[in-house]
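Comments concern the structure below.
The values are calculated or read from the model by the stated rules, or taken from the named source; none is laboratory data. Note that the structure is a prediction, hence the values are computed from the model and not measured. Note: ideal-geometry Cβ built from the backbone for every residue, glycine included; neighbour counts use all protein chains shown.
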Amino acid sequence: MKSMCKKLISLLLALTLLLSLAACAETADAPTGQESTAPTGTSTSVPETTDAPQPTEPQIRTFTDSVGRTVELPAEIDKVALSGPMAQIVLFALCPDKLVGVSNDWSSDAEEYLDPAYFNMPVIGQLYGGKGELNLETLLASGAQVVIDVGEPKNSIVEDLDALQEQTGIPFVHITAHTDTMGDAYRMLGELLNMPQEAEALAQYCDSTYARVLAIAQSVEKAKVLYLTGDEGLNVIAKGSYHAEVIDLLSDNLAVVDEPSSKGTGNEVDVEQILIWNPDIILVAPDSVYATIGDDPLLQEVTAIKNGAYYEVPQGPYNWMGFPPSVQRFLGMLWMAKLLYPDAADYDLCEEVTTYYKLFYHCDLTPAQYDALVANSIGK
């Protein structure tokens, strides 16, 4: 009996010792300077994990532009900068609220068509030529997530954009756009900016308008035309130049020169050459020689002058035929087809122009505004 009691006592002592050691270990595991708050003999519950979102790195995607450059871009783009006025016209139609600025100040002609918030945007400058170089300080301060170049690629475009991208840390992208491929350009921009539906609406407009005008051009005998620019009307938009795409499509462009200029001012010629070409119809650039060309004594033997068949290209906010040669040339296409071939162009020009201004300038054009736009442009 005594032996059993001794064993029982020994067992109780061992159990007590184990419990004491466990309590000491729990106290030792507590952070320095803190005591365990769990009462002896109770268990502590493990805090439940929360589903609170953890900070993540911005999502990045890749995009291959029209000249084969693959660039890394944010998954979502809300701030867009422009490389020049051609991009300005194209992208203002698609994403005016994403633009961090404009390449050049809007002309005074533009104010009546644009919301004041768009008309007074900061000026960033442009990549190639024009009125001012790209202002890198303004660009960097804008928070732009991408800079987009639209139009005809320069020979040095890859090197230029790579250098600027490295210098600024901002992705630069080029989208090639000609009159007959403007729809595809908008689809690429829709992919770039995650705006496929908005871009598709503009792309379909461009595709259908180009197809309609092309059908007209293929159904008529082409008129013999010269497009004159400059203060004296002695510059021509030469056949085969980027600026002459619409003219070449819709007419027999008589201005054949050895080296067509890539500038909107065209190639300089002399009166003798104009007399030799002897156009049936003359188109003159806005704000050039429309008011005086009919009385120019040197041009009185030109068929177009003798017949009063000279017209001023409409302008507002931009020259409808180009300068810059951007998407507004679809207006020029519709106007020129109606002017030269009114029977084949069986549409209401006012309705077409009103539709364009709504889609591309976000403007409800009034009849009075339309009349002012075409005042010198549809016959005397």
**Message:** Just to be sure before I move on: is LYS239 assigned to a strand (DSSP E or B), more than 30 Å from GLN145 (Cβ to Cβ) and modelled with pLDDT of 95 or more in the structure I sent?
**Reply:** no
**Request:** Would you tally the residues in region 194-219 being touching an Asp or Glu at 6+ places or on another chain (Cβ under 9 Å) and assigned to a loop (DSSP other than H, G, I, E, B)?
**Result:** 1
**Prompt:** If you scan region 242-271, which residues turn out to be among the polar types (S, T, N, Q) and exposed (fewer than 15 other Cβ atoms within 10 Å of the Cβ)?
**Reply:** SER262, THR265
**Request:** May I ask you to list pairs of residues, at least six apart or on different chains, whose Cβ atoms are under 6 Å apart, with the first in region 295-312 being assigned to a helix (DSSP H, G or I) and the second being surrounded by fewer than 12 Cβ atoms within 10 Å (Cβ to Cβ)?
**Result:** none
**Prompt:** Out of all the residues in region 324-352, which are surrounded by 21 or more Cβ atoms within 10 Å (Cβ to Cβ), touching a Pro at 6+ places or on another chain (Cβ under 9 Å) and not polar (S, T, N, Q)?
**Reply:** PRO324, LEU331, GLY332, TRP335
**Message:** Could you tell me how many of the residues in region 309-363 are within 18 Å of TYR210 (Cβ to Cβ), in contact with a Lys or Arg (Cβ under 9 Å, 6 or more places away or on another chain) and aromatic (Phe, Trp, Tyr)?
**Reply:** 2
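Would you confirm, using the coordinates I've provided, whether TYR113 is surrounded by 14 or more Cβ atoms within 10 Å (Cβ to Cβ) and modelled with pLDDT under 90? Break it down into steps so the answer makes sense when it comes.
Details: surrounded by 14 or more Cβ atoms within 10 Å (Cβ to Cβ): yes; modelled with pLDDT under 90: no.
Considered against the rule, which asks whether it is surrounded by 14 or more Cβ atoms within 10 Å (Cβ to Cβ) and modelled with pLDDT under 90, TYR113 comes out as no.
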**Prompt:** (1) surrounded by fewer than 21 Cβ atoms within 10 Å (Cβ to Cβ); (2) of a type in the set (Ser, Thr, Tyr); (3) in contact with an Asp or Glu (Cβ under 8 Å, 6 or more places away or on another chain): which one isn't true of TYR186, the others all being true?
**Reply:** (1)
**Asked** Which condition breaks for VAL123 when tested against (1) surrounded by fewer than 22 Cβ atoms within 10 Å (Cβ to Cβ); (2) closer than 25 Å to GLN197 by Cβ?
**Response** (2)
**Request:** Give the residue that is modelled with the lowest pLDDT, with candidates limited to residues of region 143-180 that are outside any helix (DSSP H, G or I) and acidic (Asp, Glu).
**Result:** GLU152
**Message:** Quick check on region 142-156: of everything there that is of a type outside the set (D, E, K, R) and closer than 23 Å to ARG61 by Cα, which residue is surrounded by the most Cβ atoms within 10 Å (Cβ to Cβ)?
**Reply:** VAL150
**Message:** I'm checking my understanding of the structure. Among residues of region 279-291 that are in contact (Cβ under 8 Å) with a residue 40 or more places away in the chain and not small (Gly, Ala, Ser), which one is nearest to THR229 (Cα to Cα)?
**Reply:** VAL284
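Specify which of the listed residues (GLU259, GLU232) is in contact with a Ser or Thr (Cβ under 9 Å, 6 or more places away or on another chain) and part of a loop (DSSP other than H, G, I, E, B). Can you show your working first?
Working: GLU259 fails: in contact with a Ser or Thr (Cβ under 9 Å, 6 or more places away or on another chain).
Sole residue among the options that is in contact with a Ser or Thr (Cβ under 9 Å, 6 or more places away or on another chain) and part of a loop (DSSP other than H, G, I, E, B): GLU232.
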**Message:** I'm checking my understanding of the structure. Among residues of region 274-309 that are over 22 Å from GLU221 (Cα atoms) and among the polar types (S, T, N, Q), which one is surrounded by the most Cβ atoms within 10 Å (Cβ to Cβ)?
**Reply:** SER288
**Request:** Scan LEU275, LEU228, LEU249 and give me the residue that is over 16 Å from THR179 (Cα atoms), modelled with pLDDT of 95 or more, under 29 Å from the mean Cα position of the chain (by Cα) and among the hydrophobic types (A, V, I, L, M, F, W, C).
**Result:** LEU228
**Message:** Just checking, does region 115-138 include any residue being touching a residue at least 60 places away in the same chain (Cβ under 8 Å), assigned to a loop (DSSP other than H, G, I, E, B) and aliphatic (A, V, I, L, M)?
**Reply:** no
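Going by the conditions given, is TYR210 modelled with pLDDT of 95 or more, surrounded by fewer than 23 Cβ atoms within 10 Å (Cβ to Cβ) and hydroxyl-bearing (Ser, Thr, Tyr)?
Values: modelled with pLDDT of 95 or more: yes; surrounded by fewer than 23 Cβ atoms within 10 Å (Cβ to Cβ): yes; hydroxyl-bearing (Ser, Thr, Tyr): yes.
Yes: the conditions hold for TYR210.
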**Request:** Scan region 179-191 and report the pairs whose first residue is over 25 Å from ALA75 (Cβ atoms) and whose second residue is of a type in the set (Phe, Trp, Tyr), with Cβ atoms within less than 7 Å and a gap of 6+ or a chain change.
**Result:** THR179/TYR210; ASP180/TYR210
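Out of GLY190, GLY183, which single residue is part of a helix (DSSP H, G or I), within 19 Å of LEU359 (Cβ to Cβ) and touching a Pro at 6+ places or on another chain (Cβ under 8 Å)? I'd like the intermediate steps shown before the answer.
On the way: GLY183 fails: touching a Pro at 6+ places or on another chain (Cβ under 8 Å).
Result: GLY190 is the single residue among GLY190, GLY183 that is part of a helix (DSSP H, G or I), within 19 Å of LEU359 (Cβ to Cβ) and touching a Pro at 6+ places or on another chain (Cβ under 8 Å).
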**Request:** Any residue in region 358-380 that's among the hydrophobic types (A, V, I, L, M, F, W, C): show its pairings with residues that are crowded, with 18+ Cβ neighbours inside 10 Å and in a loop (DSSP other than H, G, I, E, B) at Cβ separation under 6 Å, as long as the two are six or more apart or on different chains.
**Result:** CYS363/TYR113; LEU373/PRO314; LEU373/GLY316; VAL374/PRO314
